[in-house]
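In what follows, a single structure is set out as structure tokens and then discussed.
Quick note: the coordinates plus some simple rules give every number you see, no bench work behind them. The model shown is predicted, which means the values in this text are computed figures rather than measured ones. Here the Cβ is made from the backbone with ideal geometry for all residues, glycine too, and neighbour counts use every protein chain on show.
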Amino acid sequence: MSDNKLRNTVKKFLFPVQFKFRQLVGGNRMNPSFIIVGAQKAGTTSLYKYLTQHPEIKPTLLKEVHYFDLNYDKPLSWYKSFFPLERNNKKITGEASPYYMFHPFAIKRIAEFNPNMKIIVLLRDPANRAISHYYHEARKGREKLGMREAFDAEQERLEGEQDRFKINPNYISNNYQRFSYKSRGLYANQIKAIKENFKESNILIIDSKDFFKQTKSTVQEVLEFVGVNKNFDIKTEKRFNVGNNIKDPREEQLYSELKEFYKEHNETLYKIIGRRFNWN
């Protein structure tokens, strides 16, 4: 067993024990002051790992708490149990659940919890993001179809899911979360929802290409945004949650089709955020 697999096995075993202990002990726990809401496969794990190196930022028990999307039927005390105990200092905490941005109700729920929450969004070229998303699901063993078949099946897999959410706000859709390869890259309406629920000064939108190429300066920008000393030396050499994929032979053709598909959608996004990304 590799060191990484061993660590993950230990974490999986220890987590229920740690969480139960936190619930039993209780105590006043910190409220998150920032959330990385997405997008999936855009660098959210790496960004969160870098931020929590900072001595003024305390990590959660899990990076992805998934309270506002998958666990909203649970009491608020359940959510709070993931966060560190309050101390008499200025330390802050936050989480990163990249499904929040795509989930139909999560953003509004976050605003109801704290309208002054700092919202961080990483946006990746949607064509690249979609393909990376497919490889992620295939690696995890959740996607059994080939790349072309999976993209062709998306519309049928997601058909009626929005209506099911409307009928049951606590509905959990595996298809909507896992197999929304193209849909998740339609950023315009997702960003519009964030802007409708939070003031501009509380929203930070980052092109993940900038994050990957100019990591240190981007991390400093985020540190300043969340309100801590941006000059702390964060180690950013390691990237997290990066998969080694056996390239699908149909990837190149599909990538070209996706670039064309997203052109008009990207233009709408640029108008909403007031700047352009070099994705075309």
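Structure summary
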item: Residue of Ala96, Ala42, Ala111 that the Gaussian network model of the chain assigns the largest fluctuation, springs spanning Cα pairs under 10 Å; result: Ala111
item: For segment 146-280, Kirkwood radius (reciprocal of mean inverse C-alpha pair distance, Å); result: 18.1 Å
item: Most mobile of Gly38, Gly185, Gly141 in a GNM of the chain (Cα contacts under 10 Å); result: Gly141
item: Restraint check, Lys41/Lys140; Lys91/Lys192; Lys80/Lys213; Lys90/Lys238; Lys238/Lys271, Cα-Cα greater than 24 Å; result: Lys91/Lys192; Lys80/Lys213; Lys90/Lys238; Lys238/Lys271
item: Segment Leu61-Phe113, length gained on full extension (0.36 nm per residue, minus Cα span); result: 16.8 nm
item: Kirkwood estimate for segment 3-273, i.e. one over the average of 1/r between Cα atoms, Å; result: 19.7 Å
item: Choice from Pro75, Pro126, Pro104 with maximal GNM fluctuation in the chain (Cα, 10 Å cutoff); result: Pro75
item: Among beta bridges that DSSP assigns inside the chain, antiparallel share in %, nearest 5; result: 5 percent
item: Å³ per residue enclosed by the Cα convex hull of segment 161-237; result: 156 Å³
item: Radius 13 Å from Cβ of Ile273, net charge of other residues (Lys, Arg +1; Asp, Glu -1); result: +2
item: Extension gain from Asn168 to Glu252, taking 0.36 nm per residue of separation minus the Cα-Cα distance; result: 26.3 nm
item: About the Cα centre, charge dipole magnitude for the chain (Lys/Arg +1, Asp/Glu -1 at Cβ), debye; result: 1020 debye
item: Value at 222 nm in deg cm²/dmol, rounded to 500, when DSSP H runs of n ≥ 4 in the chain each add -39,500 (n - 2.57); result: -14500 deg cm²/dmol
item: Spin-label pair Arg239/Ser77, simplified geometry with 7 Å Cα→Cβ offset, distance in nm; result: 4.4 nm
item: Total charge dipole magnitude, segment 28-149, about the Cα centre, Cβ charges on Lys, Arg, Asp, Glu only, Debye to nearest 20; result: 240 debye
item: Extension gain (nm, one decimal) between Glu267 and Asn28, 0.36 nm per residue minus Cα-Cα; result: 81.5 nm
item: DSSP H segments from the chain that extend 20 Å or more along their own axis, Cα-based, with Kyte-Doolittle mean of -1.0 or above; result: 3-25
